[in-house]
Structure formats: structure tokens, C-alpha cells
Amino acid sequence: MENVIRKWRLTDAYDLSVALSNKRVLDNLRDGLPYPYTVSDGEDFIKAMLDADENDIFAFAIVADGKAVGSIAAYRQGNIHSRTAELGYYVAQEFWGRGLATAAVKEICAYVFENSDIMRIYAEPFARNAASCRVLEKSGFSLEGIMRKNAVKNGIVEDMKLYALIKE
């Protein structure tokens, strides 16, 4: 599969608003994203990602059919965890099941390991999100554990899984 991630462009804001105005996508993400998600929300996010320190936030659009259909980013952690990054991603529902998330995870991890001193990338999907867990497994991540009753999403107490990829 060809490259599926690229730097954000302000012109991606509309496509981002379409992807994130879907409750099924939001149900797998952390809280804090507005609903519905507007073009202005997308512009604000993209500006923040373009202005971020490129050694602390590695943020990319996931692209298919010539448009942004998702987002992926690795966020450097602080203090004693400064050589660790947390990974987050999503793909618009209409593009689920096409291998885009797996390709994007592989690409961003290779990029972060090659272009920074990060030695560990981790992700914390909801335990119920089998597709996201499978993306991480197919991308070489190891399941390190299950964090029981670790979050409350939509009023439901959720378990989360902890996956990590270590730079070899």
C-alpha cells in the first residue's frame, strides 16, 4: 500500500468535519471533541497541529482517494516518560476495513522511531474496540495488559487495553 499519511493542510478541515461528525467514530475516541464537529473546529485543530513542536507532536492526516479520511498522531510524554509517545488515531466510518489504520500506524511508528529519540510508543484503545486492537496487533504492538474500569465513556465504565511498540 502506498503512503497513507501526510502533513495536515488547512484545506483538510471540511473532510475532518465530516469524519468527526459521526457518532460511531466519536464513540471510540476520548471526550472533548465537539459534536457536531464543524469546519471551524477542524481548522483550529489543523492550525494547532501545524504550529506544534515537531519533536513533541507527530501529527498527520490519514489520506485515501485524495482526501483526509482520518487522523493519526503520536504525543511525546513528559518528565521521566519523555522518550515515550502515546498514539491516537481514527478513520472515517466509510473507510473502515480497508487497512488504512494499520498502514498509518506502521508509517507513523517508523517515522517517529527514525526521526526522534522516542523508544516506546503506546496506545490505549477501549477493550471493546476489537478493530482498533487488531490494528495495533497487525502493526507489531504487544498487549501489555488490561486496565480494568479505566474510563467512563457515554456514561459506561470501560476497560481499556494497553499496547506498546518498542524501538528495536
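How big is the charge dipole of the stretch 1-150 about its Cα centre, in debye rounded to the nearest 20, if each Lys and Arg gets +1 on its Cβ and each Asp and Glu gets -1 on its Cβ?
With Lys and Arg at +1 and Asp and Glu at -1, about 560 debye.
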Quiz item: Any idea how many Lys pairs in the chain come in under 17 angstrom at the alpha carbon, given 8 or more places apart or on separate chains?
Solution: 10
Self-check item: Phi-based couplings in Hz for the stretch 117-127 (Karplus 6.51, -1.76, 1.60; Gly and Pro marked x)
Solution: 8, 4, 10, 8, 10, 10, 9, 10, x, 4, 4
Practice problem: Please give the per residue accessible area of the stretch 1-127, computed with a probe of 1.4 Å over protein heavy atoms only, in Å². | Solution: 50
Quiz item: Gaussian network model of the chain, Cα springs within a sub-10 Å range: biggest mean-square fluctuation belongs to which of GLY140, GLY155, GLY70?
Solution: GLY155
Quiz prompt | chymotrypsin sites (Phe, Trp or Tyr not before Pro) within the stretch 82-168, DSSP loop, no more than 16 other Cβ atoms inside 10 Å | solution = TRP96
Quiz item: Using only helices, what value at 222 nm comes out for the chain when you add -39,500 (n - 2.57) per DSSP H run of length 4 or more and divide by the total residues, to the nearest 500 deg cm²/dmol?
Solution: -8500 deg cm²/dmol
Quiz item: Using modelled backbone amide H atoms (1.01 Å from N, in-plane), which distant-in-sequence or interchain residues come within less than 5 Å of GLU54's amide H?
Solution: none
Quiz prompt | 3J(HN,Hα) from dihedral phi, the stretch 31-37, Karplus parametrisation 6.51/-1.76/1.60, rounded to Hz, x for glycine, proline | solution = 6, x, 7, x, 9, x, 8
Quiz item: Counting only protein heavy atoms, what percent of the accessible surface of the stretch 39-115 is carbon or sulfur at a 1.4 Å probe?
Solution: 47
Quiz item: Under 5 Å between amide H atoms, partner at least 5 residues away or on a different chain: which partners does ILE5 have, H built in plane at 1.01 Å?
Solution: VAL63
Exercise. Convert each backbone phi in the stretch 64-76 into a coupling constant with the Karplus relation 6.51 cos²θ - 1.76 cosθ + 1.60 (shift: θ = phi - 60°), then list the ³J(HN,Hα) values in order as whole Hz, x for Gly and Pro.
Key: 8, 6, x, 9, 6, 10, x, 9, 9, 8, 10, 10, 4
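What dipole magnitude, in Debye to the nearest 20, does the stretch 53-102 give about its Cα centre under +1 on Lys/Arg Cβ and -1 on Asp/Glu Cβ?
Approximately 120 debye in magnitude.
Work out the length of the dipole vector of the stretch 1-89 about its Cα centre, built from +1 on the beta-carbon of each Lys and Arg and -1 on the beta-carbon of each Asp and Glu, and round it to the nearest 20 debye.
The calculated dipole for the stretch 1-89 is roughly 160 debye.
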Quiz prompt | Burial ranking of peptide ranges 20-29, 130-139 (average Cβ count within 10 Å, highest at the top) | solution = 130-139, 20-29
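The values are calculated or read from the model by the stated rules, or taken from the named source; none is laboratory data. All values reported here derive from a predicted model rather than from experimental measurement. All Cβ positions, even for glycine, are placed from backbone atoms using ideal geometry, and neighbour counts span all protein chains on display. With ligands, DNA and RNA removed, areas are computed over all heavy atoms of the protein, side chains included. Shrake-Rupley method; radii C 1.70, N 1.55, O 1.52, S 1.80 Å.
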